[in-house]
Amino acid sequence: MGEGGLTEKKSQNASPYAGRWVARLQGHIIAHGGTPEQALIAAQKSRHKEKPEIIYMPLESSFAVSPLLERLCAALPDQEMYLVGGAVRDALLGRVSHDLDLAIPKDAIAVARRAAAILNADFYVMDESFDIARVIVSTENGSRDILDFSAFRGPDLDADLRGRDFTINAIAFDPRRQAILDPLNGAADLRAKLIRACSATSLDDDPIRILRAVRQAAAFGFKIESDTRAAMKRAANLLPNISPERQRDELFKILEGPRPDASIRTLEMLGVFPYLLPELSAMKGVGQSAPHVSDVWEHTLSMMQNLEGILAVLVPPSFIPSSLPTDNGLGIRDNGSNDLFTGLLTLRLGRYGEKFVAHFSKSLNPDRSMRALLFFAALYHDVSKPATKSVDETGRIRFFDHDQLGAKVASERARAFNLSNDEIDRLKIIIENHMRFHAFSSRMEGGKQEPSRKAIYHFFRDSGEGGVDLVLLGLADLRGTRGHTLTQETWAAALDIARLLLENFWERPEETVAPPRLVNGLDVINEYKLEQGPVVGQVLEAIREAQATGKVSTREEALVFGREWLKENQK
């Protein structure tokens, strides 16, 4: 950097100060800092009359960034730019990110447009008022690199970094000098596995950072620094100032990531629920009769934890958030999944791994995953138990119609979050029908009674692809209900039901789930001399059900059956 005695050099044996700027006099390091200016200021405190040499100590070779950054620098040789945020954090953790945030002094939209033209990439203006644009670089193998260009939020890079959320995300990388700029010691917090707010007002400035802190603590296995946690609590009442869409997006990222149960518990402890998920607070302390081993709230968290464990077994690891730590800094520990019950789960349902992957790859909305929606359903599946609680003459606690009312409550919250109609419909299906799996399992355990073809047909007629979610939710619900009292016999019965339902859905759909139509509406109208109306649909459904139960297999049989059905049902 020349000016003020600042120079760029690389030094060997720099590991104690790797990624730091150091001040050196006569070959001795006398001070260091996260930026050249910090190193110089620190040196001047003890050697104010001397002029030290400022040197950057290079990082270890594990630091790697996308090669696109080098191409970008070559394409825009005179443009000042810095890689900031998550990509730098990930690089320091030894990961290469394909989402690159680039901070530009000014005219970020214009720079992004130039970059897109040079890289032959797609270009979008994201926020004209804040000077933010996106460039998407697609490769031949279908992968994408996303480059977000934004102008400094403040007079310079230092101000931009200090205005960010957490210190681990307030680190910049200068690609031309190949140097880290870290004014808030975020790299040290990364090493300490600590999430710390950039400033005393970080959470007040943008309360959505409360959810982001919890999510990143779970994602990285970090702890939230105590002052930051206290600031999160104080700022919780500001969440209504945040748009429903931003609230939803952060919440669904939590549900998509590792340890959603631990993250949700933390949000509740921070006092977030009244301002984000107000319906859930009433579940705390609501007792339940046996076989439940915990109240409604603890059961819900246990169910979510078990759902994550079940998905980790049934869906190949590459599809699931990787390597969950034993303790993620949120106070929830893994209870272990390598037990007899997990072995039985793998034995009975493991063969459907690819089918489960395909199921979860089908998103009902491009911005949110099916996995996250399933966890949202788990979170809300018993939301109406407090409102429906009653005690019968024997003292047994009941929750009549909590599934039906709960579906309505969850749908209202989903609408408030502006979820899509498809997502709301799936959510409603899951919660409205979540007790059906337990009814099947109870009959299987009590008398080895399998559901009939008619019951299986009705199950999938009412749930469609949501039937797969109901199976997974049912298994997790059972484990969350019984806890340590779950027996091998009860679990085996539930797995038998799960396998039977999935076999019919994935292996024999034309027999019991969605038999091919033998007649259509016009056939019914002409054959039975009917007028268009609801009766036509009723006849078609009756024939389809007869197919599913094995009573009808040909067009002629279908027409005969339809005629008899009309005689019996039009009396």
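Please go through (1) part of a helix (DSSP H, G or I); (2) surrounded by 20 or more Cβ atoms within 10 Å (Cβ to Cβ) for Leu100 and return the number of the only condition it doesn't satisfy. Going through the list (1) part of a helix (DSSP H, G or I); (2) surrounded by 20 or more Cβ atoms within 10 Å (Cβ to Cβ), Leu100 breaks only (1). Only one of the numbered conditions (1) at pLDDT below 95; (2) surrounded by 16 or more Cβ atoms within 10 Å (Cβ to Cβ); (3) not hydrophobic (A, V, I, L, M, F, W, C) is violated by Arg191, and that is (2).
Kindly establish whether Lys49 is loosely packed, with under 13 Cβ neighbours inside 10 Å, charged (D, E, K, R), in a helix (DSSP H, G or I) and out of contact with any Asp or Glu (no Cβ under 8 Å at 6 or more places or on another chain). So Lys49 does not fit the description; no. Mind listing whichever residues of the stretch 24-47 are under 19 Å from Ile171 (Cα atoms) and either in the same structural domain as Asp158 (by TED's automatic domain parsing) or among the small types (Gly, Ala, Ser) (or both)? Scanning the stretch 24-47 gives Gly33, Gly34, Ala39. Among the residues of the stretch 462-491, those that are surrounded by fewer than 17 Cβ atoms within 10 Å (Cβ to Cβ) and over 26 Å from the mean Cα position of the chain (by Cα) comprise Asp462, His484, Thr485, Thr487, Gln488, Glu489. Checking Asp462, Asp477 one by one, the residue that is assigned to a helix (DSSP H, G or I), within 13 Å of Ala514 (Cα to Cα) and charged (D, E, K, R) is Asp462 and no other. So is Ile456 within 21 Å of the chain's Cα centre (by Cα) and under 27 Å from Lys355 (Cα atoms) or not? Here the answer is no, as Ile456 does not meet what is asked.
Considering the stretch 126-216, the qualifying helices (runs of 4 or more DSSP H), each wholly inside and each with 3 or more residues that are among the charged types (D, E, K, R), run over 157-162. Evaluation of Val560 against the conditions (1) assigned to a helix (DSSP H, G or I); (2) crowded, with 19+ Cβ neighbours inside 10 Å shows that the sole unmet condition is (2).
Select from the stretch 197-254 the residues that are without any contact (Cβ under 8 Å) to a residue 12 or more places away in the chain and either in contact with a Gly (Cβ under 7 Å, 6 or more places away or on another chain) or of a type in the set (Gly, Ala, Ser) (or both) and write down the one among them that is surrounded by the most Cβ atoms within 10 Å (Cβ to Cβ). Talk me through it step by step, then tell me what you get.
So the first thing to find is which residues in the stretch 197-254 are without any contact (Cβ under 8 Å) to a residue 12 or more places away in the chain, and the list is 201, 226, 230, 243.
Retained after the next criterion (residues that are either in contact with a Gly (Cβ under 7 Å, 6 or more places away or on another chain) or of a type in the set (Gly, Ala, Ser) (or both)): 226, 230, 243.
Values: Ser226: 9, Ala230: 13, Ser243: 11.
Once the filter is applied, the top-ranked residue is Ala230.
Of the residues making up the stretch 92-104, those that are more than 16 Å from Ala219 (Cβ to Cβ) and either at pLDDT 90 or above or among the acidic types (Asp, Glu) (or both) number 5.
The values are calculated or read from the model by the stated rules, or taken from the named source; none is laboratory data. Remember, predicted model here, so these are calculated numbers, not experimental data. Neighbour counts are summed over all protein chains in view; Cβ atoms, including those assigned to glycine, are modelled from backbone coordinates with ideal geometry.
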